[in-house]
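Beneath this line is the structure, given in structure tokens, with notes to follow.
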Amino acid sequence: MCGRSPSFSSSPLTAKVRIVVFCTPATGTPSHTARNIDMSETRRVLASYQVSAQEDPWRKPHLFQHLNLHRCPHCAVASPLLSRIWEGVTVDYTGQNGKFWVSYVCSTCGGIITAWSLRDGGEVLDMYPSTKLVDESIPDNAADYLQQALDSLHAPAGAIMLTASAVDSMLKEKNYTKGDLKTRINQAAQDHLITNEMAEWAHEVRLDANAQRHADQAVTRPTTEDAQRSIELEA
Ligand SMILES: [Zn+2]
């Protein structure tokens with residue numbers, strides 16, 4: 001007689017599945033048969049469990065074979081395919097505080113994300129780079145444009161235009177509402193609301209956005225790095 005007893009570890013979100021195979025020795029069932037059942041059954045249960053875990057959009061990322069993030073922190077593509085490429089364990093100088101590290105590669109941009117937890121399959125406690133979110137101190141409208149810019153880094157021309165809209169919105173928030181963006185940036189600098197360097201950068205974003213908006217033939221298409229640079233300066 002043979003039977004299997006699947007048991008999950010304490011947290012329902014981890015993919016650790018233990019399957020115990022027990023055979024009554026009297027039946028003479030060869031041990032390799034028992035092992036085969038164990039392996040295929042483990043794979044089947046694990047596969048179905050991982051699918052159900054991925055279907056839950058609210059679950060926190062765990063150190064599974066794939067890292068489940070809403071967006072890639074490098075290129076911001078939605079639902080990125082982030083595959084495990086490296087793993088390792090570290091301890092501090094006393095040999096304590098072990099951390100389990102896993103690196104994942106984004107299939108869209110090739111960027112690497114490194115995350116750690118207390119154990120393999122555990123909940124991610126921190127990762128590098130982390131998902132980019134707009135600072136809470138930025139006013140709502142501007143923050144909205146900026147978050148959209150961050151979320152569309154994979155479409156750099158659009159991201160740059162959204163960054164310019166964020167600059168525009170921030171100036172309006174400070175009651176600089178008259179004239180075109182160029183005039184308002186200059187006025188804000190004159191009033192010492194922004195420094196000269198900030199004004200210089202704001203003009204750069206404005207001109208870049210203009211070039212993209214008017215599909216200027218002489219201008220090369222911006223890259224994700226170009227868009228990232230203009231947003232980073234702002235954030
Ligand atoms: Zn990516």
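FYI, it's all coordinate maths here, none of it is from the lab. Since the model is a prediction, treat every value here as computed from it, not as a measurement. Here the Cβ positions follow ideal geometry from the backbone for every residue, glycine too, while neighbour counts run over all protein chains shown.
Worth a mention:
- Size descriptors for region 145-235 (Cα atoms only): Rg and Dmax, in that order, 12.7, 36 Å.
- For the pair ALA78 and THR183, a Förster radius of 35 Å applied to the C-beta separation gives a FRET efficiency near 0.40, rounded to the nearest 0.05.
- Computed over region 80-197, Cα set: Rg, Dmax in Å: 20.8, 63
- Note on LYS99: lysines with a C-alpha under 26 Å away, same-chain residues under 8 apart excluded, are LYS16, LYS60, LYS132.
- Calculated P(r) of region 60-131 - Cα pairs past 21 Å, %: 21 percent
- Packing-based order for 78-89, 138-149, using average beta carbon neighbours within 10 Å, highest first: 138-149, 78-89
- Between HIS192 and HIS214, the FRET efficiency from the beta-carbon distance, with R0 = 30 Å, is close to 0.40.
- Compactness of region 119-159 as Cα Rg over 2.2 N^0.38 Å, two decimals: 1.56
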